[in-house]
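Structure, as C-alpha cells:
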Amino acid sequence: MQTKYFFIAFLIFISTSCSDTTKTQSYVPHAKEIESRIYIFGIHPYLNSKKMYLSYRPILDLIEHKIGNIKILLETSSSYENYNDKLYNGHFDFSLPNPYQTYNALSHGYKVIAKMKPDNVFRGIFIARKDSNLTSVSQLRGKSISFPAPSALAATMMPLYYLHIHGIDIQKDIEKKYVGSQYSSILNVFSGYTIAGATWPPPWEEWKKENPIQAKEMEVVWQTKSLINNSVIVKENIDIKIVEQLMEILITLDTHQIGKTLLNNAGFEGFAKAENSDYSIVNDFLQKYNKVAGISQ
Amino acid sequence: MKLFTWYQKYMTSIKSKLIVSVILIHAILMSLIVFDLLQREKKFMEDRVLENAYQTTAIIAKTAVIPFLNNDLVALDELISSLDEKHNNSMVFILDKFGKVKSSTKKEYFNKYFDDDASKKLLNNLEISKSIYAQSIYEKSVDTIYPIFVEQEIIGYVRTLVDKSYLSNQLSIITNKGVLYIVLAIILGAFFAWLSVRKVTSRLNNIVNAVEQISAKKFDVKLAIGESEDEVSKMAKAFNSMSYSIQGYVDELQKSNEVIYREKELAEITLSSIADCVIVTNNLAEVKFINPAAEEIIKYNMHDAQGKKIEKLFKLFEEDEQTEIEENLYMTITTTNDVKVSEKYAVLENRNNEKFFILLSSASIKNLKGETEGAILVFHDVSHKVENEKKVQWQATHDALTQLNNRLGFETVLNILTKQPIRDNSHHVLLFMDLDKFKIINDTVGHLAGDEVLKQVALLLLESTRKNDFLARFGGDEFGLILFNCTIELAKEIAQKLIDEVLAYSFKWEDKEFKIGLSIGIASINAKESDTTSILSKADLACYMAKEQGRNRYYIARESDLEYLQNEHKFSWVSKINDGLQKKKFVLHIQKIKDLNGDNDHYEVLIRLKDENNILIYPDSFLPYAEKYALLPKIDRYVIEEFFHWLHKNQKTISKRIKFSLNITGQSISDISFVHDVLKLVEIYEVDCSRVIFEITESTAIANINESTTFFQILKAKGFSFSLDDFGTGLSSFAYLKSLPIDYLKIDGTFIKHITKDMIDRGMVESIFKIGSLMNLKIIAEYTENDEIIKVLKTIGIHYAQGYAVEKSHSIEDLLI
C-alpha cells in the first residue's frame, strides 16, 4: 500500500513542476514630460566628439552655473557636412564655427559675439615624416598630400593657397587626398601613404600628446600665415540678456583661475569680444583662394 | 475500493511489482535529474539573460557615445532599433544625464522622464552601487541601466528592459522535454523491466507449469535451464533433480505396483484356486472380495457381494444348527489381534437356506500402523466330515443290528447322569434287562434268527417305553434302559409292562414258534451312587437275582445284594480283578515289535493275571468283565505305574533306544483325571516320555474323538508318542488320521493273517501303508504269524512287524537278562 501512495505523490509532484510558468503582467516603465528650455551648443568638429565634449563641457557647465536656471546641451557633429547642415538650418542656439563657417552663418540668422584667442593659432601646417627630409616645397611635386576636407579653411584651403604662392600648381603638381579628418590626414603621412599632410595646430598638438612616440618621427615642415580664430555665434532670436551674460562669461574666462584651467584643458587661450565685421577677412581670403582653386565647396 | 481491487489484481505478481518499482525508480530519479537540470538551466539562462542584458546595455552605451554627443537622435534610434529587432519584447531607452528620454524603442517615451518607482529605484541603485551598472530583475524582464561615459564623466544612460519571458518559454520547452524524457525513461524502463522480468517470470511460469504437470501426475517433466546461473536457473535445476527423483520414485513405485499387482493377481488366483472359502472385508465389514469357493457356498457372486455388509450375506449358527451366533461376527474379528481359529464347527445358512457345516477362522487385517483395515474370513465346508463324524460317532455308540445305543453310548449317558448334580425331585432309574431262552433260538435256528429276534425285541421294548427313555443293547441278549425322572414305583410298572410284552411276543421262524422271556434288574440312579460301574454292577446283579428267582420278573437292587453276591461269587471277575490290582497279581509281559528295516525294535507291554496257582490268565478272560464293570481305568493306571516303576528301576540296564507301547482303553480316555494321574506318574518316576508309546484302538479314539484329541494333545506335548491300534476294523475313514496327532499305525491282524493269500487284504494293507507313509506314520503289522508274511510285509515296505513269527510274548523281566 505504501508504494501506491508514493506513486500518487510522485504524480502530483510531476504535474506541479510542469506548470511552473504563471502569467503575470510584464513590467512597463512610466514616463512624463517636464517642460524645460535647453540650449544647444554646437562646435565645428575640429576635434573628435569625445575630445570636444571633454574640452568644452566643463566650460558649458561653468556657464550654466554662472547664468543659472539654464541648460546647455553640447552637441557634437559627426562630420563637417553634418555640422554645416545643422548650423545653416539654425539647429544650434549657440555655436563655435571656424572662420569660414562663421562667415557663411552670418547669412543664416546668427551673429558673432566673441572669438577665440589668439588669432595666430588659426593657420595651416604641413606635417611630414622626418625621414622624408622635406626641405623645399618643390619636393612635393608629383607626390600625394593628405588633406582633411576641401572645405576645411585652416587645414585645407590655407595650405593649398600656401603651396600656390610657393609655386606649386595645386591642380596638377600634386595629388590631393581628402581623407575626412585632421587625424586621418596626420596618420596618412605617418603611415607613408602621403608624403605630407595638411592640418592645423590644435589637432596636431593633441595628436602629439596622445602619440608621443610616433610623434618623434614626425615634424612640422611648413606653416601658413594666420587668419582669424574661431568665433562664438548666437542665434539672433536668443534672449539678449542670456547672450550678454554668455559673452561676459566667455570674455572673462581667462581672467580667473577656474577659467584658465578650463581653457588650458580645452587647448586655447580664451575668448575676446568680436562682431560680424571681424570676419570679412575670411571673405577676402576666400576670394583670393577662389581665384586660385576655383570656388570652394 | 476500485483502486484497491485494481491494486490487488495487478500488484500482487512479482512482475508487476518489479515493473512498478522500476517505473517509480525511473520516475523519481529522472524527475530529480530533470528538476535539477531545469533549476541549473534556469539559473544559467537567467544568468545568461542578465549577462546578456548587461552586455547589450553596455554595448549600446558605448556605441551611443558619439551619436549621443552629436545629439544624433536618428543614429540613436537606429542603434536601439537594431536591438529592438533582436529582442521582440525588449525596450531600450537612451536618457540624457538628467533622465530625459532621448531615444527609445517606444516613441511615446521620447522627451519624457521616468517617474515610476521601479525606474527611480533603478537609478538610485545605480548611484548607490559601486558597480558600473544596475539591474532589476522582474518576472518577465530584466531592467538594466548603464551610464554613457565620456572618460569618467556620465553624459547619459542606456536603459534596457529585456524581455525574458522567452526564457520561461524556453524553460517550459525544456521542462516539457524533461517530462517527455521522464515519460520515455519510465516507458523504456518499464519496457526493459518487463522484458527482463518477463524472462524471469516466464521461466518461473515454466516452473509453475511444470509443478502443475507434476500435480497432474505427469512426472516426465524437464525444464530448460539455460546458460545463466541465476536463482531461477538454480531453482529449475533443483526442480529437475526433484522431478528426476520423483520420476525415479514413481518408476520404482510403478515397478513395485506391478509387483504388488502381480502379487495381488497371484493372491487372488491363489484365493480363487484354493478350496477354502475366503471373504475379505473392509473396516466397515463390507465385502471387498470373495473367492469362487465362497461364492459357491454363500450363493453370492463377487459382484453382488461387494460392498454388502457381511452379516447380510449369510447366517451363522452354533454346531447344534439352532442357536444363531448372535455376537457381531465382524466385531469379533476386528477386536481380536490374533488369528482366531474356531475349534468348533459352525453352521452357515446361505440365502437359499442351505446349511453347511464349516470350520471358520478369521483374522483382522492391520495396516503398518496397526490400525484395522478390514478382516479376512476363511472357512471350509466340513459338512461331509461332520456327517461322517456323526455317522462314526453313531456307529461307535450304537448297535448296528438293532440301531439302539450300544453299551458305550449307554455308559456315556449314564456317566452324564451320575456327574449331573441331582435335584431333589429328580430321580432316574436304570433297568438291566436280559432275555431268557434266547440262546435256544440261536442254537436251534442259527444266528440270523437270533439277530432277527433281537431286532424285533428291540422294537418291542422301544415301543413299550416312554418317549424320553433311553434304551440300549449291551451286546448279546442284554439290554439297558434309563428311565428319566422316574420313581421306583413307576419303574416297576414299566418293568412289568416290558416283561409282559416280551412274554406276549412270539417269534416264528421256519414254521417254528419260539417264546422268550425277560428278566430285569432295577437300580436307582441317585446322588449317593455316582459311580457308573457300581450302578451298572448293582443293576446287573439285580438282573441276576431276578433270573435266580425264576426269570420273567424284575428285581430291585439293594445294598445287601452285593454282600450276597460277594459271598456267592467269591471268585467272580470283579473281585478277582480288584484283588489282582490290590495284591499286584497282574504281571507285565512284553512282545517285540520288530523293525523290518533296521534294529529300532520296540515292545508292546501286555498284562497277565496270575491266579492262586500261578497260572497266567490272559486278558481276553478278564478284560470284558473289567470293561463291563468299568474297571479298565484302574487296570490302565496299574499297568502304567508298574511299567514306569520298572523302567525307572531298570533305566540303566535297558537300552535307551528301546521304546515301549502301552495300551490305553476308551474308559480311561473319557476319564479326565486319568491324564493328570499319568502326568503325576511321569514326575514320580522321572519317565523319559519319548520312550513311551500309547496305543489306542481306532474305534476307541473315534468314539471319543474329542476326549482323544485332548488326551493326545496334552501327552504329546510331554513327548509321548501315539499308536492307533486295530486300524482298518473300525468304520473310520482315513480323514481321521489327519486330525489325530499319531505316530504309529497298527494294522489290524485280520488283514495280516491272510495277506499271503488274500489279495484284497494285501491291497488294503498296501493302501493303508501308502497313505500312512504319506502322513509320515510308521506302520506296524500285527499277527505276523510266519516268515512268509514277513516277506510280504517287507515287500510292501511295512516298517514294523509283531506276532509269533517275530517273537512270542514273555515277561518284561526277561529283558533284563
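The values are calculated or read from the model by the stated rules, or taken from the named source; none is laboratory data. In this text, all values refer to a predicted model and were calculated from it rather than measured experimentally. Note that we place each Cβ from the backbone using ideal geometry, even for glycine, and neighbour counts take in every protein chain shown.
Every condition in (1) under 30 Å from residue B:15 (Cα atoms); (2) modelled with pLDDT of 80 or more; (3) more than 8 Å from every other protein chain (Cβ to nearest Cβ) holds for residue B:197 except the one numbered (2).
Every residue, every condition in (1) surrounded by 12 or more Cβ atoms within 10 Å (Cβ to Cβ); (2) closer than 30 Å to residue B:380 by Cβ, yes or no:
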site: B:193; (1), (2): yes, no
site: B:197; (1), (2): yes, no
site: B:207; (1), (2): yes, no
site: B:236; (1), (2): yes, no
site: B:240; (1), (2): yes, no
site: B:245; (1), (2): no, no
site: B:258; (1), (2): no, no
site: B:274; (1), (2): yes, yes
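Checked against the criteria, residue B:665 does not count as surrounded by fewer than 15 Cβ atoms within 10 Å (Cβ to Cβ) and under 25 Å from residue B:531 (Cα atoms). Out of all the residues in region B:586-595, is one or more of a type in the set (S, T, N, Q), part of a strand (DSSP E or B) and modelled with pLDDT of 85 or more? Within region B:586-595 (the criterion being of a type in the set (S, T, N, Q), part of a strand (DSSP E or B) and modelled with pLDDT of 85 or more), the answer is yes, since at least one residue qualifies.
Yes or no, residue by residue, for (1) under 20 Å from residue B:396 (Cα atoms); (2) surrounded by fewer than 22 Cβ atoms within 10 Å (Cβ to Cβ); (3) among the hydroxyl-bearing types (Ser, Thr, Tyr); (4) not assigned by TED's automatic domain parsing to the domain that holds residue B:393:
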{"position": "B:738", "(1), (2), (3), (4)": "yes, yes, no, yes"}
{"position": "B:751", "(1), (2), (3), (4)": "no, no, no, yes"}
{"position": "B:767", "(1), (2), (3), (4)": "no, yes, yes, yes"}
{"position": "B:777", "(1), (2), (3), (4)": "no, yes, no, yes"}
{"position": "B:785", "(1), (2), (3), (4)": "no, yes, no, yes"}
{"position": "B:794", "(1), (2), (3), (4)": "no, yes, no, yes"}
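Count of region B:129-142 residues, restricted to those that are outside any strand (DSSP E or B) and facing chain A (nearest Cβ under 10 Å), is 3.
When you look at residue B:126, is it part of a helix (DSSP H, G or I), within 10 Å of chain A (Cβ to nearest Cβ) and crowded, with 16+ Cβ neighbours inside 10 Å, yes or no? For residue B:126, the condition - part of a helix (DSSP H, G or I), within 10 Å of chain A (Cβ to nearest Cβ) and crowded, with 16+ Cβ neighbours inside 10 Å - is not met. Restricted to strands (runs of 3 or more DSSP E) entirely inside region B:627-741, no element has at least 2 residues that are on the phi > 0 side of the Ramachandran plot. Look at residue B:38 and say whether it is in contact with a helix residue (DSSP H, G or I) (Cβ under 6 Å, 6 or more places away or on another chain) and over 29 Å from residue B:176 (Cα atoms). Against the criterion (in contact with a helix residue (DSSP H, G or I) (Cβ under 6 Å, 6 or more places away or on another chain) and over 29 Å from residue B:176 (Cα atoms)), residue B:38 does not qualify. Mind telling me which of the residues B:33, B:80 ends up being at pLDDT below 85 and farther than 23 Å from residue B:101 by Cα? Every option except B:33 fails the conditions. Evaluated against (1) in contact with a strand residue (DSSP E or B) (Cβ under 9 Å, 6 or more places away or on another chain); (2) assigned to a helix (DSSP H, G or I); (3) closer than 24 Å to residue B:487 by Cβ, residue B:468 falls short on exactly one condition, (2). Selection of region A:243-297 for residues being surrounded by 17 or more Cβ atoms within 10 Å (Cβ to Cβ) and among the charged types (D, E, K, R) yields A:254, A:278.
Among the residues of region A:168-225, the ones that are over 25 Å from residue A:81 (Cα atoms), of a type in the set (S, T, N, Q) and not in a helix (DSSP H, G or I) come to 3 in all. Counting only residues that are under 30 Å from residue A:209 (Cα atoms) and β-branched (Val, Ile, Thr), region A:36-71 holds 4 of them. Scanning region B:201-249 for residues that are of a type in the set (Asp, Glu) and under 46 Å from the mean Cα position of the chain (by Cα), we see that the one that is farthest from residue B:16 (Cα to Cα) is B:220.
The residues listed here are B:699, B:721; of these, the one that is over 22 Å from residue B:382 (Cβ atoms) and touching a residue at least 60 places away in the same chain (Cβ under 8 Å) is B:721.
Could you please let me know if residue A:31 is crowded, with 18+ Cβ neighbours inside 10 Å, of a type in the set (A, V, I, L, M) and not assigned by TED's automatic domain parsing to the domain that holds residue A:272?
Details: crowded, with 18+ Cβ neighbours inside 10 Å: yes; of a type in the set (A, V, I, L, M): yes; not assigned by TED's automatic domain parsing to the domain that holds residue A:272: yes.
Here the answer is yes, as residue A:31 does meet what is asked.
Among the helices (runs of 4 or more DSSP H) contained in region B:12-121, which hold 1 or more residues that are hydroxyl-bearing (Ser, Thr, Tyr) and either surrounded by 18 or more Cβ atoms within 10 Å (Cβ to Cβ) or within 12 Å of another protein chain (Cβ to nearest Cβ) (or both)? Show your work before the answer.
Numbers: elements: B:14-63, B:65-69, B:73-86.
By residue number, B:14-63.
Does residue B:773 qualify as being under 40 Å from the mean Cα position of the chain (by Cα) and over 23 Å from residue B:395 (Cβ atoms)? Yes: the conditions hold for residue B:773. Collect the residues in region B:143-163 that are facing chain A (nearest Cβ under 9 Å) and under 29 Å from residue B:37 (Cβ atoms), keeping them in residue-number order. Those that are facing chain A (nearest Cβ under 9 Å) and under 29 Å from residue B:37 (Cβ atoms): B:143, B:161, B:163.
Scanning for something among the acidic types (Asp, Glu) and either modelled with pLDDT of 85 or more or touching a helix residue (DSSP H, G or I) at 6+ places or on another chain (Cβ under 6 Å) (or both), does region B:85-97 turn up at least one residue? Outline the logic, then answer.
Kept after step one, since they are among the acidic types (Asp, Glu), are these residues of region B:85-97: B:85, B:96.
Still in the running and either modelled with pLDDT of 85 or more or touching a helix residue (DSSP H, G or I) at 6+ places or on another chain (Cβ under 6 Å) (or both): B:96.
Yes, that holds for at least one residue.
Every residue, every condition in (1) touching a helix residue (DSSP H, G or I) at 6+ places or on another chain (Cβ under 9 Å); (2) under 20 Å from residue A:117 (Cβ atoms); (3) in a helix (DSSP H, G or I), yes or no:
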position: A:233; (1), (2), (3): yes, yes, no
position: A:246; (1), (2), (3): yes, yes, yes
position: A:281; (1), (2), (3): yes, yes, yes
position: A:284; (1), (2), (3): no, no, yes
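For region B:432-450, give me the residue count where each residue is farther than 18 Å from residue B:513 by Cβ and surrounded by fewer than 17 Cβ atoms within 10 Å (Cβ to Cβ).
Quick first cut of region B:432-450, residues farther than 18 Å from residue B:513 by Cβ only: B:432-434, B:447.
After this cut, where a residue has to be surrounded by fewer than 17 Cβ atoms within 10 Å (Cβ to Cβ) as well, the list is B:447.
Residues meeting the conditions: 1.
For every residue, the table says whether it meets (1) more than 9 Å from chain B (Cβ to nearest Cβ); (2) of a type in the set (D, E, K, R); (3) under 25 Å from residue A:240 (Cβ atoms).
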position: A:55; (1), (2), (3): yes, no, no
position: A:74; (1), (2), (3): no, no, yes
position: A:85; (1), (2), (3): yes, yes, no
position: A:90; (1), (2), (3): yes, no, yes
position: A:96; (1), (2), (3): yes, no, yes
